[in-house]
Each structure stands twice: as C-alpha cells, then as structure tokens.
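Right, one structure below, let's go through it.
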Amino acid sequence: MIDCPICNDGKKHRGIIIKKRESEDRVIMEVECEDCRERGTVKVFKFGGVEVYDF
Ligand SMILES: [Zn+2]
C-alpha cells in the first residue's frame, strides 16, 4: 500500500509493483497506483522506514 502523492487524499492506495530493486540499505520500487494509474518510484530506506515518493 502506498501514500499516492497524485491522489493526495491521505489514504493508502493499492499499488501494482512493476519493478523492484533492493540493495543493502534501501528498496526501490516502480509502482502504478490502481486508483489514478500514475506511475512513479517509491524508495524505502530500511533503517528508519522512511518512504520517499517520486511521481
Ligand atoms: Zn493515485
């Protein structure tokens, strides 16, 4: 589930994972929001659990 910055309604949206890359300290996923159909990337930093959205 993602906090879609395009929908931007404070709700979690279902995201389809198109691609996923993982390194030692982060996970980078290319996702498509099921509601607005926008694609973007989500970076999740494993230490601290910070999610960065780039749509
Ligand atoms: Zn969306």
The chain: Rg to Rh, with Rh as the Kirkwood radius over Cα pairs: 0.96
The chain - charge dipole about Cα centre, Lys and Arg +1 at Cβ, Asp and Glu -1, debye rounded to 20: 120
Cut-off 10 Å between beta-carbons: net charge of the residues surrounding Gly40, Lys and Arg +1, Asp and Glu -1: -3
Residue-count net charge about Val50 - beta-carbon cut-off 10 Å; Lys, Arg +1, Asp, Glu -1: +2
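We did not get these values from a lab; they are worked out from the coordinates using the rules stated. Only a predicted model underlies this, so the values are computations on that prediction, with no experimental measurement involved. So basically every Cβ, Gly included, is an ideal-geometry build from the backbone, and we count neighbours across all protein chains shown.
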